[in-house]
Each structure stands twice: as structure tokens, then as C-alpha cells.
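Presented below is the structure to which this report refers.
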Amino acid sequence: MKIRLNLLAVGLSMLIGSLQAAPLEIDQLKVSTVAGNLGTPWGMTFIDQNQLLVTNKGGSLNRVDITTGNKTRISGTPDDIIISGQAGFLDVATAPDFAKNGWIYFTYSKDIDGQGATTLARAKLDGDALTDWQDLLVTDSRTDKGQHYGSRIVFDHKGHVFFGIGDRGERSQAQDLSRHNGTILRLKLDGSVPDDNPFVGQDDVHPEIWSYGHRNPQGMFYNRDTDTLWEIEHGPRGGDEINLVKPGKNYGWPEVSYGKEYWGPVSVGEKDIKGMVNAEKVYVPSIAPSGLVQYQGNAFPDLQGDLLTGAMALQHLNHIEMDGQKVVDEHRYFENKKQRIRNVIEGPDGFLYLANDSGEIWQIKPAQN
């Protein structure tokens, strides 16, 4: 009897733990649509307290005033963007010293002989036009497939820019260091290769590579306080991953995966292989994540240090509760809205800004504000 009671106590403890309330209560949040009719808004970045630059996967760039909802089309975007399948105009991010030098960074799918290559570029904003456009790296990632371009942009505090590239539909190339497919790359802000990149000087290896074995990075965040790089990527049927990315490491794809083949209930790869880094969190089934932020503001004190990502397939805002660098719980918000959340960022005001595939930008703030 004592053994049965102990087992019952353990079971109740597990149940109670699984029913703990999420740090955010929906009825304590105010959700406002600050802009709409933006096509498929892919990347977002603030250029001042009230204005966002928003890329549209279809090739356009808009400046959005979050106080009025007014949109201004920005000219000067590249005319060689492939817009097909998952290809298009992808991320946008302002440089850490944007206020001083005005550089804005972009990733896009560049048309090269009818094939797309994920490309990192930068430009400046002069009124309603981009100027001084520079392709910093046209990656060696071309295939005849239309999927898995990546690609998010983040910066550290040491003069480096990171961006991710998917395997481009060629799984084995994520393990091939002579290609850029399935990697996260690290460059200096001018596009040159840092001397301390992990593969510099090695034969038949691209020196831009920081890590490899990634399937399709769709969210990244660099925490400059803790000097850590977080990444979230799509698995196949199951097996989306959150990774703590470190230099020179192999994150396994396609040798390691928790996902299944699309054509049947057959595992892709192994669950664990020595020498390959395991994910910090795996989603089964897949949520199809997009965008990633580690919250650092004051508007939501209970979120500080936690990760937030959009979910496209399962249509919600996904909240990963953290204890330092350890994942401890997961919560899901706005499932009732039935919207594919494409991106989430933190604004200068500490509020959250979400983009969905219906072309809307939402502002999330405490109701008392």
C-alpha cells in the first residue's frame, strides 16, 4: 500500500507540474494590429522608436509607423530576387552602430542562372530609398530546389554578423563543409572573414562557416550580455530544434533527427551520434518555427531570459521558459487566432511585435498599458 501511495503522489506531482499556469495570461494582454496588407511580412527591424522596416517575401520593403499604421514603400531593393517556393526577400536587421553609420543588413534569394543562392547584403536608407547596396556574400548554396533558404541575421558586440542557410533541399550537403548549405555563417560587418573563425585555413572548407549540420534555420538571437547564440530550425515531420550554437560544432542534420520522412513513418537519422551536438529542445510534432527572440525588456518581467518564436504550422506564439541556458517549460498563446506567425521581435518599448502570413503586424503589451 505504501508503494502505491508513493506512486500516486509522484503521479499527482507530475500532473500538477504539467498544469502550471503560463507566465503570460491572455486576458492580461492587449493585442493591437498596428499595420496590415503587407503581403507576407518576413523580416522586421526598428529604425527608431516608432518606425519599423518590414520585408515582404514577395520582394518589397516597407517602412511602417506603429503609431499611425502608415506604410511607405521603399525603393532600391534588388531586382534579381527569386520569388518562388520558399525563396524571396528574407530578413532585415539594423547594424549595432546603425545610428552612427546607417547600415541596414538584408538576406535574400539571389537569382543566379535560374537558381537561388541565399545572399547577405547591406544598404543605407536615404528618405524613401535604399542607397549604396552591397552584396557582401553570395553564398555557395545553389541548388535546383525551392526550399530551405534560411535565413535570419543577428550581430554580436564584437563587430560580427551571423546569418543562417538551410540545406537547400540537399540533405547531405549540410555535412559538406565545402558548401554553405545547412550552416550558420560569421563575417565581419564589411563581409570579410574573421581570422578566428573555426575553419579558417583548412583546405576545401568555406572559412565563413561558424557551425553546420542545420536543416533550415528560421530564427536566431544573439544575447550580447551572455555571449550566446540561439537558433531554431525546421525539422521534417517532427524534430524542429532549438540549438545553443557554438563555433565549429556539428548539429547533426541529416544524420541526427527526431523527425520522420514525409512519405512514411520512417525515422530520419539517429537520435544521438557521438561528436554531434544534441538540441536543447525538440518539437514533436513540428510547430514550423519562424523568428526567435530572447526577451530582455521590462514590460513583461516574467519573460526575461525566455525564448519566444512564431509557429506557422501550429499557428501560435511559442514561449520557451528558461532557467539560465536550460529549457524548463513551454507555453502557447493566440492559438484561437489561427494565424501563421512568421516573426516575433522585441520593440524599443519592451512590447512584442508579431508578423503573420495574413500581412499583419501585431503589437502585444500588458493590458494595463
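Tabulated results
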quantity: Sites matching trypsin sites (Lys or Arg not before Pro) across the range 250-359 that sit in DSSP coil, with at most 15 neighbouring C-beta atoms within 10 Å; calculated: Lys271, Lys274, Lys338
quantity: Cα gyration tensor, the chain - rounded (a/c under 1.5), prolate or oblate; calculated: oblate
quantity: Prolate/oblate/rounded label for the range 258-301 (Cα gyration tensor, a/c 1.5); calculated: oblate
quantity: Spin-label pair Ser32/Asn298, simplified geometry with 7 Å Cα→Cβ offset, distance in nm; calculated: 2.0 nm
quantity: Distant-in-sequence amide H partners of Arg152 (H built 1.01 Å from N, under 5 Å); calculated: Gly164
quantity: Estimated vicinal HN-Hα couplings, Hz - the range 305-314 in sequence order (Karplus 6.51, -1.76, 1.60; Gly, Pro = x); calculated: x, 8, 9, 10, 9, x, 10, 8, 5, 9
quantity: FRET efficiency estimate (nearest 0.05) - Cβ-Cβ, Ala99 to Glu25, R0 35 angstrom; calculated: 0.45
quantity: Net charge of Cβ neighbours under 10 Å - reference Tyr283; Lys, Arg +1; Asp, Glu -1; calculated: -2
quantity: Euclidean distance between Cα centres, the range 185-227 to the range 324-348, Å; calculated: 26 Å
quantity: Estimated inter-spin distance, Trp133 and Lys274, nm [label 7 Å along Cα→Cβ]; calculated: 5.1 nm
quantity: Lys/Arg +1, Asp/Glu -1 at C-beta; the chain dipole; positive extreme among Gln296, Leu137, Ile82; calculated: Gln296
quantity: Net charge over other residues, Cβ less than 10 angstrom from the Cβ of Gly191 (K, R count +1; D, E count -1); calculated: -1
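Values in this text are rule-based calculations from the coordinates and carry no lab data. Not measured: the values here are computed from a predicted model. Because the Cβ atoms are built from the backbone with ideal geometry, glycine has one as well, and the counts that use them run over all protein chains shown.
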